[in-house]
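Enquirer: Structure incoming, see below.
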Amino acid sequence: MGATLTVARRELAAYFATPVAYVFIVIFLVMAGALTFTMGNFFGRGQADLQPFFTFVPWLFLFLVPALTMRLWAEERRLGTIELLLTLPLAQWQAVLGKFLAAWLFCGIALALTVPIWITVNVLGDPDNGVILAGYLGCLLVAGAYLALGAAVSALTKNQVVAFVLAVALCFVFAAAGSPVVTEFLTQRLPVLADIARGLSISDRFTGFTRGVVGARDLVYFASFIGFFLFVNAVVLDHRKAD
């Protein structure tokens, strides 16, 4: 894990060496706060919980995380530094995992900066902090799922814009797969696909965490999702290297 952590530290430092990290954090915090307190009617609800916040965070990640991942491998390929990275004394999976962990830790830092909202809820009422903690865990897992998917897409192209658009589209598919509109449409025409869509839906899996339920099936789902797309990432890099 030493080489993996070295790559992770290098990548995390690279985020904060450019305006990317600060722009991402500012946009995330401003939009999360604005949506929570306005559209989420945080104060008007009169309930001591963070449901309005958790409602919008996965959808914010839907657009912000691909903006984070679009440069992971696309930029390395465009600049030609990917060959140098993969010739270093580290396994390919270590480079993939290191970049992923750096991006995931960065998302964790952004989430940690929203803790003042949690403190506000405790000042104004008596919330169930266990439910809130489970919700934060769910947000972190959703970010990890989008990151793994976005990283795999970034490895496919040298163009960051293409990587961003494709990642947003695919993340949206997995986020909206369990929505009533999609499931009702599929139920009327292809019932088998409706069940598959519900099973693959990130939003449905996240809902349990917002209710304070940390289910083993949901944890296995997110672990499998992240592991699968990291594997795809490694396979794509290996194929590109062979080319």
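Enquirer: For the range 151-240, which helices (runs of 4 or more DSSP H) that fit wholly inside it have 2 or more residues that are touching a residue at least 12 places away in the same chain (Cβ under 8 Å), crowded, with 20+ Cβ neighbours inside 10 Å and not aromatic (Phe, Trp, Tyr)?
Expert: In the range 151-240, 160-176, 202-210 are the helices (runs of 4 or more DSSP H) which contain 2 or more residues that are touching a residue at least 12 places away in the same chain (Cβ under 8 Å), crowded, with 20+ Cβ neighbours inside 10 Å and not aromatic (Phe, Trp, Tyr).
Enquirer: Kindly establish whether Val142 is at negative phi and buried (at least 22 other Cβ atoms within 10 Å of the Cβ).
Expert: yes
Enquirer: OK, next. Scan Arg71, Arg45 and give me the residue that is under 23 Å from Val162 (Cβ atoms), modelled with pLDDT under 90 and assigned to a loop (DSSP other than H, G, I, E, B).
Expert: Just a single option satisfies the conditions, and that option is Arg71.
Enquirer: Are any of the residues in the range 99-117 small (Gly, Ala, Ser) and without any contact (Cβ under 8 Å) to a residue 12 or more places away in the chain?
Expert: yes
Enquirer: Next up: So how many residues does the range 13-30 have that are among the aliphatic types (A, V, I, L, M), part of a helix (DSSP H, G or I) and more than 16 Å from the chain's Cα centre (by Cα)?
Expert: Going through the range 13-30 one residue at a time, the tally reaches 6.
Enquirer: Of the residues that sit in the range 31-70 and are surrounded by 18 or more Cβ atoms within 10 Å (Cβ to Cβ) and hydroxyl-bearing (Ser, Thr, Tyr), which one is farthest from the chain's Cα centre (by Cα)?
Expert: Looking at the filtered set, the residue picked out is Thr36.
The values are calculated or read from the model by the stated rules, or taken from the named source; none is laboratory data. Given the structure is predicted, the values throughout are model-derived calculations rather than measurements. Cβ coordinates were reconstructed from backbone atoms using ideal geometry, including for glycine residues, and neighbour counts include every protein chain displayed.
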